[in-house]
Amino acid sequence: MSLQGLVDATADALGGARDMYGQAAPASGLPSTSGLQSLKTDLRASVDTVPATWRGTGGEGYKQAGGNGITALDNVIGADNRVGPQVVTASNESRDGRSGMNGVVSDTRAGVNAIAPSTDTPAGKTVLVNHLEGQLDRAKALLTKSEQRNIALANMIRSAGGGYGGGRGMGGGMPMGGGGMPMGGMGGGSPMSALSGLPGMLSGLGGSDSRSQNAALGRNRLAGGLGLPTATAARAVAYAKSKLGAPYVWGAEGPNAFDCSGLTQAAYAEAGVRIPRTTYDLVNAGQAVNRNDIQEGDLILCNWSAPGTPEHVMMAVSPTMAIEAPTPGQSVKFSPIPSGHIEVRRVA
């Protein structure tokens with residue numbers, strides 16, 4: 001397998017491991033508890049007042065039935081109060097686990113970017129493989145920890161839920177673990193399956209890669225999951241950088257002056273890609289990308305005058321910085337990617 005294939009496979013495995021966490025539910029406990037408490041209060045008031053006006057066996061029967069209902073509600077409220085904190089813990093575990101896996105992906109991306117230029121040498125090749133192995137080990141440790149916590153949380157919730165169903169335990173109404181309620185954000189199946197086979201591929205890397213194949217790590221798209229740019233995107237960014245200091249002129253498309261979308265269109269035209277001319281059309285170009293996965297060459301649409309109507313476009317040069325032709329009176333420059341609402345489009 002080539003080095004590029006190994007990086008792609010590692011990216012797929014790490015992306016799959018991260019996706020197992022899903023999105024954490026709000027850590028606010030169980031929403032049913034307050035409603036059950038209100039129902040119990042209303043039922044108690046009814047039981048206390050009815051016997052005064054409803055005498056005889058009917059009143060006594062209602063009082064007994066109401067008392068049984070209050071006891072049942074007490075059981076369920078008590079179970080809610082015991083289960084709720086464990087649900088909050090599960091939500092927090094999901095958030096923390098996904099954050100940890102995001103860190104692994106980010107560090108893997110940074111390492112591959114740094115090592116790639118030297119992979120045309122045996123030493124550079126070894127460094128890259130060692131880096132990938134280390135990141136996979138980190139991901140495995142996170143998944144193992146999450147799996148262990150999932151089991152413990154499921155057992156605690158089962159134990160705490162004794163008041164559901166009249167003391168019959170959780171039964172089949174509240175599936176645990178990988179069923180209807182993923183614990184700690186982890187989905188069904190074995191968490192380790194997301195990384196299966198990778199260490200063997202890494203350690204089994206042979207010497208069949210040519211020098212040109214290894215050098216391609218510095219030029220070509222390696223793995224979208226690691227946020228590495230395509231050669232086309234890199235060419236577009238290089239063109240835009242060559243225009244640093246060129247003045248902003250509304251409607252200008254280069255080569256000596258640009259407006260915001262004129263710069264991005266000229267940059268991608270230099271790289272052999274045709275993209276729309278205006279921000280209003282660029283908002284639908286290419287494919288949407290999550291803010292957390294911004295890579296070099298992505299278009300950053302911002303300054304919204306209305307929903308779906310961006311008034312400005314920048315080109316990312318890193319996950320946090322972009323190059324832009326800003327406003328009249330300014331020149332093409334580097335700027336931070338805005339912290340407010342943006343939409344990210346990948347066109348190459």
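Here are a few things to note about the model shown:
- For the stretch 292-342, average projected area of the Cα convex hull in nm²: 3.6
- Packing-based ranking, highest mean first, of 292-303, 332-343 given that Cβ atoms within 10 Å are counted: 292-303, 332-343
- The stretch 256-348: C-alpha gyration tensor shape, a/c 1.5 cut-off, then a/b vs b/c: rounded
- Summarising the amide proton neighbourhood of Met321: residues at separation of 5 or more, or on other chains, whose placed amide H is nearer than 5 Å comprise Ile337.
- The stretch 252-305: C-alpha gyration tensor shape, a/c 1.5 cut-off, then a/b vs b/c: prolate
- Fully extending the segment from Ala231 to Asn284 would add 16.9 nm, taking 0.36 nm per residue of separation and subtracting the current Cα-Cα distance.
- Probe 1.4 Å, protein heavy atoms only - accessible area per residue of the stretch 266-348 in square angstrom: 46
- Where labels lie 7 Å past Cα in the beta-carbon direction, separation of Ala141 and Arg277 in nm: 5.6
- Long-range amide H partners of Val249 with built H, under 5 Å: Phe258, Asp259
- Residues whose amide H lies under 5 Å from that of Thr119, counting only those 5 or more places away or on a different chain, are absent; hydrogens are built 1.01 Å from N in the peptide plane.
- Counting protein heavy atoms only, the stretch 244-348 has 52 percent of its accessible area on carbon and sulfur, 1.4 angstrom probe.
- Full extension of the chain between Asp48 and Thr33 yields a length gain of 3.1 nm, computed as 0.36 nm times the residue separation minus the alpha carbon distance.
- Candidate cross-link partners of Lys63 among the lysines, defined by an alpha-carbon separation under 17 Å and a same-chain spacing of 8 or more, comprise Lys40.
The values are calculated or read from the model by the stated rules, or taken from the named source; none is laboratory data. Because the structure is a prediction, the values reported are computed rather than measured. In this analysis, Cβ positions are derived from the backbone assuming ideal geometry, glycine residues included, and neighbour counts consider all displayed protein chains. The protein model used for the area step is the full one, side chains on, heavy atoms only, and it has no ligands, DNA or RNA in it. Shrake-Rupley method; radii C 1.70, N 1.55, O 1.52, S 1.80 Å.
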